Every structure is written in C-alpha cells, then in structure tokens.
1. Can you tell me which residue among Leu197, Leu233 is touching a Leu at 6+ places or on another chain (Cβ under 9 Å) and over 21 Å from Ser298 (Cα atoms)?
2. Can Leu481 be described as crowded, with 23+ Cβ neighbours inside 10 Å, closer than 23 Å to Ala333 by Cβ, out of contact with any Gly (no Cβ under 7 Å at 6 or more places or on another chain) and touching a residue at least 12 places away in the same chain (Cβ under 8 Å)?
3. In the stretch 413-466, what residues are among the aliphatic types (A, V, I, L, M) and in a strand (DSSP E or B)?
4. I'd like the residue in the stretch 218-236 that is open to solvent by 20 Å² or more (accessible area, probe 1.4 Å) and of a type in the set (D, E, K, R) and, out of all such residues, is modelled with the lowest pLDDT.
5. Determine, yes or no, whether Val472 is closer than 25 Å to Leu310 by Cα, open to solvent by 10 Å² or more (accessible area, probe 1.4 Å) and of a type in the set (Val, Ile, Thr).
6. Find the helices (runs of 4 or more DSSP H) located wholly in the stretch 1-95 whose residues include 2 or more that are surrounded by 15 or more Cβ atoms within 10 Å (Cβ to Cβ) and at pLDDT below 85, and list them.
7. Which residue, of Val358, Val281, Val303, is among the β-branched types (Val, Ile, Thr), open to solvent by 20 Å² or more (accessible area, probe 1.4 Å) and in contact with a helix residue (DSSP H, G or I) (Cβ under 6 Å, 6 or more places away or on another chain)?
8. For residues that are in contact (Cβ under 8 Å) with a residue 60 or more places away in the chain, open to solvent by 20 Å² or more (accessible area, probe 1.4 Å), of a type in the set (D, E, K, R) and over 15 Å from Val156 (Cα atoms), tally how many sit in the stretch 183-217.
Amino acid sequence: MAIELLIEQPSLFGMCPVSEAIARLSDESGADERGAIFTRREVVEFMLDLAHYEPGRDLAGLRLLEPSFGGGEFVLAAIERLIGSWKSRECRADLAPCIHAVELHRDTYVATRTAALGRLMELGVDRGEAQRLVAAWLHLGDFLLAPLPGEFDVVVGNPPYVRQELIPAPLLAEYRRRFATLYDRADLYVPFIERSLDALAVGGQMVFICADRWTKNKYGGPLRAKVARGFHLRAYVDMVDTPAFESEVAAYPAIVLIERGAAGSTRVAEKPRIDSRHLSVLAKALLGQGGARGDVRSVPHAVDGAQPWLLASGGKLAIIRRLEASLPTLEEAGCKVGIGVATGADKAFIGALEALDVEPSRKLPLATTRDITSGHVEWQGLGVVNPFEDDGTLADLSRYPKLAAYLEAHREAIANRHVARKSPDRWYRTIDRITPSLASVPKLLIPDIKGEAQVVFEQGRLYPHHNLYFVVSSDWDLRALQAVLLSRVAREFIRAYSTAMRGGFLRFQAQYLRRIRIPRWQDVSVDLRSRLAEAAKRVFPASAGMNRGIRPLASPYSRVPRKRGDEPAQCAKSKLSL
C-alpha cells in the first residue's frame, strides 16, 4: 500500500507504527524536525542551470524529480522553465509525466500546491489543465518509502537535514532496512541521495545542495562508495560561508552535480558570489562551456571508492598524493593518536583537583582546552575522578570508601547517563575508560577546532579531556614531531581531509590526524632530527610555571626519549615551513 494512502487514511494508523510516525511528521512536525531549510532563488536557478534544465532545451521530453519540495522553490522554478520551453516549441506533448515532486508535511504541501496552481495560471495555463497538472506533479508522502514512477533525467533539490535522534524509532528502523547508506550517525539527507541516485536514468543528473559532511566523514563512506560505482561527480561547489539559504543554518553546505555514467574529472568552485549573472556564467564553466575560468579548477580522481573526497587545488593535491604513495601514516610511523576522556557527567566527575574528596589514587590532574589557550600548558587546577584501576578494570568501591561516598553523593547525575542505564552494575564508569598511566606519558595536545594548527607539548603530568586529541610516541622525539605537525604540509593534509567550518576553521580530529604522512624516525637523518627539534624550540620557546602545583608522575610504559631541559613549547601560530 502506498505511503500516500497511509497518510490520507488515519483509520489505518493503528495498524502500523511506521505509518503512525509518518502521519505525525506529516501533520504535527515543526520545521526543525523536518529539516526544512529554504534555498534562495538565485541558487535554485544556478542548480537548474547545472542540471541543464533550461528553457532552450526541449524540457517536455525530460522527467524531473524533486524529493522534498517544501515551499516549492525548485518546483516553481522548474514549472516556469518547463512551460517556457513548451510554449516556445508550440509543443503538444502531455506535461503530466514531466515533474514528480514529493513533500511529507501536509500544510506545506497544500500551500505549495496552491502556489503552483496560481503560477501555472499566471503563465497562461487554463484552470482545468493547471489543476490536472498540479495533481499529477505534486505528491504528499515520504520520499524514502513512497513508490516512484520510473526513472528520471533530472533530480534536483535540497534534501532534509535531520539528525537520527529526531526520527521516530520505527521509521528509522524501516529506513535502515531499506538504505545501505544510512550508516553510523548519517543524517537523513544521506538516504535521500541514495534513493535519488537510484532513480536516475542513464545520463541523468542529480543536483543537490546539502551538508558537505558526507563527502569526508566516516558515515559518508558507503554513499561515497556508491557514487564510485557507476556515477560521475561532475561538479562540486563549496557553499560554506555563502548566503545560499533564506535563513541562517548550522549546516555547512555544498552543491554536488552527479551523473549516472562513467567516472571522470571533477570541476570545483568555492564560495561563489550569490548573484544571478555570476552564477549563470559559473554554471557554464562548471559544465565545461564558455572557456577556462580562474575560479574553476579540474580535479582528477576526486572519487576513490569509500575514501574521503580530496578536492584541494592541483599542486597541493599532487603533493599529498605523492606523500601518501611514499610515506607511512602517522600511526604506521610509531605514533598513537587518541582523544581524551568523555565522562558523560562532567559536573560530577570534574572539579578542582584538591577539592575532589576521593582517595589520591582515584583522581588525576586534567588538561582542558582552557589550559592551552596561550599556546603552552597553564594548568587551571582541574582534576577528574578516576573509577578505573591501572589494569583497566572498574574499581571495587568497597576498597575506596571516599570514592564510594563521593559517587553516591552524585549518583543521580551519574546513574542517569545512557552508559549507566545500559549497564546498571557499572553505573559509575566514565563513558571512556581512563588509562591512568596516560597522564604520565609526554604527549602532544591538539584542540579540535582551530583556524591554525595548535600543537602543545605536555611533559607527562596531565590527563587529557575529551575536547583534546593527543599524540604519543615511543619512536619519534615529540619536540621534532611537534615541528612536523605544525608545518604547512601537515596542515594541508588536515585541510584536504577535514570538513570545513565557518570562518575557515578546520577540525583537527583523530580521523584526520591519522591521515598525515611522516617518515619513520629511523629514516630521519641525525641532522634533520636536530633541526626539527631546534625549530620547535626556536619558534616555540619553553615557558616556565605552566604546570604549577603538579608533581611529576612516574611513567610505567613511556619509552619516549627525554632530554634535560625539555619543557612544553609555546604554540601560537606556526611559522614553520617544512
């Protein structure tokens, strides 16, 4: 039974949790729950140009799909172009099969249907024919579940950006059953892309504006692999920091043009000016028309199976590819990348170290981003309660009466966490297991979101918080490694693999840090080892008093070479160029 029918007949709701969830979203959901973001008209016209859905073409012979039409920005623009093409050719073809557009929200559907009817009549279509066409074109239902009538030459739109936790559980389970790309923490736009690609005819074009996370993040892997099988990423337009929508959005958007056909190079543009004339010319350049432009570049082999898409400029991409072919990754070269502890209840587990009323062995001095904002370690005195023994087992509370009393006093906050409800007998564990010996290991601390790399040397006295990534090594001298990670080459690896943030900020997450290529320490000449270490000390001179009040901790497993006088280095903006 069609999902549209389930929406139209409330008496059926009790029979199916999936249709109940769809009906609630259709009748009661707010804009945030539906991921309703409206695209500016200039951008809509640009995307239709990219899809070569233009009045100069015989559009009556094409079939266009809009998966989530919302306020009708794409549908109304497509109708205008279709009618213009139809009239210019004095075409007698029936236009009913030319557009298929779907919308889940009932009130939005009704409003857009009224607008489409009015627009057709303004364009000279008589009321009876306009009513027939609107009924044939616009459909109320869930695009991911509703039947589709055949294949399409053009799929265009702005799929909903909805996080999984906002999707009713029965509906999410049905989506997962149907769509292989709904993987890990993928947002709803990912299966929208999957189904849209499947709906394309051979040579068909899909042009979407949506969040760019899937092009590089873990959850986008299956969808990237799908694109690599039988599709061509023809164009990619980075829209971060551009006013592409009618309202401010938290997402970081990009426009993708994907064709069902043999793979080839990708034309890339960044942050275009939102101006109709400029975008019209840009569309032609991205389609290979109108000659070369300085703001459009061609990237070969941007799509490589499930791997993140690398869309950097040609010279930088060539360097990255050459280093990837000749050098091991950071971890293959003997460096470990990790992230600090997430507790799930920081107010309970974290406080002033001296004020945490637990046994001394049950707390650790904690490093947070605030401790390294100056570029070197200036410990603010915080500590974290440690419920784990050195061997990784959860501490027996009967052996630690002060810890037991402290946890009991904070039981409501701690036991209410998801991790505690899942394992009630282990209710007092932190989300991440704490390995106490990590505190005593010299390490490099790297905050997540920064405009420039910030890599801070920490002597081996603090345990990192979850908003800090760390790098330890038993092979590399950490001061030399600090210099390498602050180099322009390392930063270009992050820039190539990281998803961009507003304001040009990058994400220095573990998954991107692990992409950096460096030689093995034994392959670095003695002279270069010395020069790297000296470069770090020269550009980032040692600072005194940054670990005030912390006694050095003995390290049970660190084999990192330590030199007399080694101190945390100041890491403001890097001036190293390696």
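1. On the way: Leu233 fails: over 21 Å from Ser298 (Cα atoms).
None of the other options fit; the residue is Leu197.
2. yes
3. Quick first cut of the stretch 413-466, residues among the aliphatic types (A, V, I, L, M) only: 413-415, 419-420, 431, 434, 438-439, 441, 444-446, 449, 453, 455-456, 462.
Within the stretch 413-466, Leu444, Leu445, Ile446, Ile449, Val456 qualify.
4. The selected residue is Lys218.
5. Against the criterion (closer than 25 Å to Leu310 by Cα, open to solvent by 10 Å² or more (accessible area, probe 1.4 Å) and of a type in the set (Val, Ile, Thr)), Val472 does not qualify.
6. Details: elements: 3-8, 17-28, 31-34, 41-50, 73-88.
Hits in the stretch 1-95: 3-8, 17-28, 31-34.
7. When all the criteria are applied, what remains is Val303.
8. Qualifying residue count, the stretch 183-217: 2.
The values are calculated or read from the model by the stated rules, or taken from the named source; none is laboratory data. Small disclaimer: the values here were computed from a predicted structure and weren't measured. Glycine gets a Cβ as well: all are built from the backbone with ideal geometry, and neighbour counts include every protein chain shown. The area values use the complete protein model at the heavy-atom level, side chains included, leaving out ligands, DNA and RNA. Shrake-Rupley method; radii C 1.70, N 1.55, O 1.52, S 1.80 Å.
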